[in-house]
Number of protein chains: 4
Amino acid sequence: MKKLNVVVWNEYRHEKKREHIRAIYPDGLHGLIKSFLDVNEDMEVSLAALDDPDQGLPDERLEKIDVLIWWGHMAHGEVNDELVAKIQKRVYEGKMGFVALHSAHHSKPFRAIVGTNGNLSWGRNQKEIMWTLMPSHEIAAGIPDHFLIDEEELYSEPFYIPQPDALVFGGWFEDGHIMRAGACFHRGAGRLFYFQPGHEECRALYNPYVQRIITNAVRWAKPVEFGYEIPEGAPKVHHKIIDEFQQ
Amino acid sequence: MKKLNVVVWNEYRHEKKREHIRAIYPDGLHGLIKSFLDVNEDMEVSLAALDDPDQGLPDERLEKIDVLIWWGHMAHGEVNDELVAKIQKRVYEGKMGFVALHSAHHSKPFRAIVGTNGNLSWGRNQKEIMWTLMPSHEIAAGIPDHFLIDEEELYSEPFYIPQPDALVFGGWFEDGHIMRAGACFHRGAGRLFYFQPGHEECRALYNPYVQRIITNAVRWAKPVEFGYEIPEGAPKVHHKIIDEFQQ
Amino acid sequence: MKKLNVVVWNEYRHEKKREHIRAIYPDGLHGLIKSFLDVNEDMEVSLAALDDPDQGLPDERLEKIDVLIWWGHMAHGEVNDELVAKIQKRVYEGKMGFVALHSAHHSKPFRAIVGTNGNLSWGRNQKEIMWTLMPSHEIAAGIPDHFLIDEEELYSEPFYIPQPDALVFGGWFEDGHIMRAGACFHRGAGRLFYFQPGHEECRALYNPYVQRIITNAVRWAKPVEFGYEIPEGAPKVHHKIIDEFQQ
Amino acid sequence: MKKLNVVVWNEYRHEKKREHIRAIYPDGLHGLIKSFLDVNEDMEVSLAALDDPDQGLPDERLEKIDVLIWWGHMAHGEVNDELVAKIQKRVYEGKMGFVALHSAHHSKPFRAIVGTNGNLSWGRNQKEIMWTLMPSHEIAAGIPDHFLIDEEELYSEPFYIPQPDALVFGGWFEDGHIMRAGACFHRGAGRLFYFQPGHEECRALYNPYVQRIITNAVRWAKPVEFGYEIPEGAPKVHHKIIDEFQQ
């Protein structure tokens, strides 16, 4: 069995600059994500960071990725526009899935792939309760009807995303807010999943249900087996399709 | 201008049996709904109730309705199956829109039209905050990003509805729940809107934003101007459509 | 590995009554479908027919089915309403997926599960070209951008279905028609796929791409692993969910 | 009544360079579109072109537009990226609707707003039959179940758009192709409609049904009345929303 090539991309600045964040994620948020994905025999997981050469994603690496997980926050603006265009292209051509976590709602790739400004409201860390809205979706496999997250940054509606192809989870926040928290988007020949938990100051990524959801999402977002070559442009048709009946 | 023929159908049992409910809705829930719709010059609003002859909807009346608003709760089972089939047929043929309020989630017409068992969880009356998820939708016209409902019966996810064509509102409940609270469904050639507030023991229907949403929903659900006759069955095609080019 | 329990239900009248149809499907349409599904090691496939005892689906059998494939045409009205209610319930509770083929668009279970009258237009047998609209969907796995069906009964828009959760295939017909030919619906906690080819007078079910699509659809429609018990009714909540944080 | 400020933007190169195209659209494609929109008393229609100063859309003009209709083809690459960003922003903030015609499927604003590479297949001019898929949609108002277009450029699936919020029309092409031809997208707080007919060498824009659809689309795409200020960024929440109950 060929393993899924999964890369966890992290801005990886907070963890280096702030001790209390490093205390929570000593190997980086991406390191923690890798650690719980590594138990899956169908995945080969590696790390990438903004300050790596080529922002962690040189062409020869990007071209092998099956699913790219993205976490960014304070340095969205530093991400190279050409890299963003390559990521978007790769997703649209169905070569790679994309999983956007938490503050990646404002990242360049998320906004470009989905078609959104990514705007929402946000506030203090607080209790969240995650609700399953679509138990028939494979990303909800093994997840109870609701589960608790002791502390997570407030993210609130209105969230200016397009209506998702599947709205799998919704979040309740202590102060009176709700959030479309887990949402699937088909774009081009590829797929993207957005999941709201994962603030750098909180421990949501240690939650086993959050880990299961991200694991499910990787498998959901992976490219399907295409029965034809997805075009890079807009091909011209040179014969009458109906003439194929006579062949 | 031809006015919209709007009928507010109410089970109308609670208000007659229980004094504290009658105190809130002395003219019935349907009477209150009629009162705030009556200010609209484009609507002609009338009332119907389960205990009326023909359950309030004899054929000659049903055939004139543009939008049917439905409130039922304790007596869903008493609603005549033949009447339900007629309502479903009329919506599918695009002759009538349907607005289902609150406990109508379990009503026969709602379940038959939408394709759902209507199941959800429910509990004690409590504070609700209604959030606008889709400000670009006409049913959200004039509605703020959120508004308060002092008391409403808890209705909670998982709500076993199909993914709506437009998910316009979401509800936050004090005890930790969320709810897809305002949802549009296109069915056949017709339309249906479900809206969660409207418990008989509470005063949500007095809330001006709730009233505006129901008003917007009536206008949204009304039949469109069809450019052809919507069939009652499955018509056979007797000529080659492409031959029309030669005519 | 536990195999998927797949039952192919067929009205099975045409094949017995008309010789030219029996010539195409000597073991019935369901027999042919079973034959190409049987090659899959993850499926245990069996047959059921309208004229079997209990219309082929006694309770103790129905309760074990993972995916029910349905073909019916001339005898929709004979299908027992109680059986239809059981099928609908089982799909809504996520215990069974449903695959509706061809003239099952007018079958009782399809209409009840999806929420539609199932109306469309139809006509003479002719050439069809099937187009892939959503290559990122797993039901399109291995299917080219288009393929030919030498002869199939005309089924045409307007098809009065709700907008599907995923519209995977579209059909082109020689005489000038199109058809939303492959459509996914999530309903309750379950799934349904409708696929248009499969007329009893034609050989579309022998087409390897049609066979692959039905195979893919069985795997897509199968129940997911639920992380909680899907309720049969509407459960009352007896505690404050937020109090679970203190436990 | 305040009129809708509608601007028809046209690349306007073909008509100037090629005589046979100028013969069809002597006042430009945009001039023809303006002529049939002008009969509507609720619209104030004006023209803009790529070679106008500021590409026809200086800030002070753009800021007043309610609905922008876009036709472009051979010079997509010349459209200013900053202008595209302004158009996208204005749509996402719900200040302006966008109607993309024909070859605008590959235009920068369409791709950026929707989230697509806009790829499709294309070919020779030929007969098209337009089918209504969603008669319950207001853009289908007054349109028959199908109508003929004598000649139009082939545009074919797979069309790499996200699944639309409403798929209103589908096109059948003589040579064996289909196309999702009329599709609605809600994006941010705004709306976009794509419509496939409108090739510069053909006369589809003279078709009264095509004209009606574009007219309907302008009214559908116009901004709704918002009940709150749509944010330009991601606002921080400085109080507990639940505390509003005590005010």
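No value in this document is a laboratory result; all are computed from the given coordinates. Being a predicted model, the structure only gives us computed values, none of them experimental. Note: ideal-geometry Cβ built from the backbone for every residue, glycine included; neighbour counts use all protein chains shown.
The GluC sites (Glu not before Pro) found in the range C:120-207 that occupy coil by DSSP, while having at most 16 further C-beta atoms within 10 Å, are C:GLU201. For the residues of A:119-128, the average number of beta carbons from a partner chain within 10 Å of their own beta carbon is 4.
I need the fraction of alpha carbon pairs in the range D:1-81 separated by more than 21 Å, rounded to a whole percent. Looking at the range D:1-81, the distances longer than 21 Å represent 30 percent of pairs. Shape of the range C:156-219 from its Cα gyration tensor (a ≥ b ≥ c, root eigenvalues): rounded if a/c is under 1.5, otherwise prolate when a/b > b/c, or oblate? Since a/c reaches 1.5 but b/c is at least a/b, the shape of the range C:156-219 is classed as oblate. Rounded, prolate or oblate: pick one for the range B:1-136, where a ≥ b ≥ c are the square roots of the eigenvalues of its C-alpha gyration tensor, a/c under 1.5 means rounded, and failing that, prolate if a/b is larger than b/c, else oblate. Rounded, because the longest to shortest axis ratio a/c is under 1.5. Computed from the C-beta positions of D:GLU151 and C:MET74, the FRET efficiency with R₀ = 41 Å rounds to 0.45. Approximating the spin labels as points 7 Å out from Cα along Cα→Cβ, the C:GLU60-to-B:GLU41 distance works out to 7.1 nm.
When both bridge partners sit in chain D, DSSP labels roughly 55% of those beta bridges antiparallel. Peptide A:216-226 shows a mean partner chain C-beta count of 3 within 10 Å per residue C-beta. For the protein assembly as shown, the antiparallel share of DSSP beta bridges with both residues in that region comes to about 55%. C:GLN246 label point (Cα plus 7 Å toward Cβ) to equivalent points in the other copies: 1.9, 8.2, 8.3 nm, shortest first. Take D:MET74, push a point 7 Å out from Cα through the beta-carbon direction, and compare it with the same point in every other copy: 5.2, 6.0, 7.5 nm, smallest first. The rotation axis bringing chain B onto chain D passes closest to the chain B residue reported with its distance as B:ASP165, 4, by C-beta distance in whole Å.
Calculated [222 nm] ellipticity per residue, helices only, for chain D: -6000 deg cm²/dmol; basis is -39500 (n - 2.57) per DSSP H run with n ≥ 4, divided by all residues, nearest 500. Over every Cα atom in the range A:87-133, the radius of gyration and the widest Cα-Cα span, Dmax, amount to 13.6, 39 Å.
If you wrap the range B:129-247 in the convex hull of its Cα atoms and look at it from every side, the mean projected area works out to 10.7 nm². Rounded, prolate or oblate: pick one for the protein assembly as shown, where a ≥ b ≥ c are the square roots of the eigenvalues of its C-alpha gyration tensor, a/c under 1.5 means rounded, and failing that, prolate if a/b is larger than b/c, else oblate. Rounded is the answer for the protein assembly as shown, as its axis ratio a/c remains below 1.5.
Remark: mean inter-chain Cβ contacts per residue of C:91-103 equal 1, using a 10 Å Cβ-Cβ cutoff to other protein chain atoms. In nanometres and ascending order, the distances from the A:LYS16 label point to those of the other copies are 5.1, 7.5, 7.6 (point 7 Å from Cα along Cα→Cβ).
Return one number: the angle in degrees, 0 to 90 and rounded to the nearest 10, between the long axis of the Cα atoms of helix C:28-37 and the longest principal axis of the Cα atoms of chain C. Helix C:28-37 sits roughly 60 degrees off the main axis of chain C. Spin-label model, C:ARG203/C:MET1: points 7 Å from Cα along the beta carbon direction are separated by 3.2 nm.
Relative contact order of the range C:1-140, taken over Cα pairs closer than 8 Å and 6 or more residues apart, is 23 percent.
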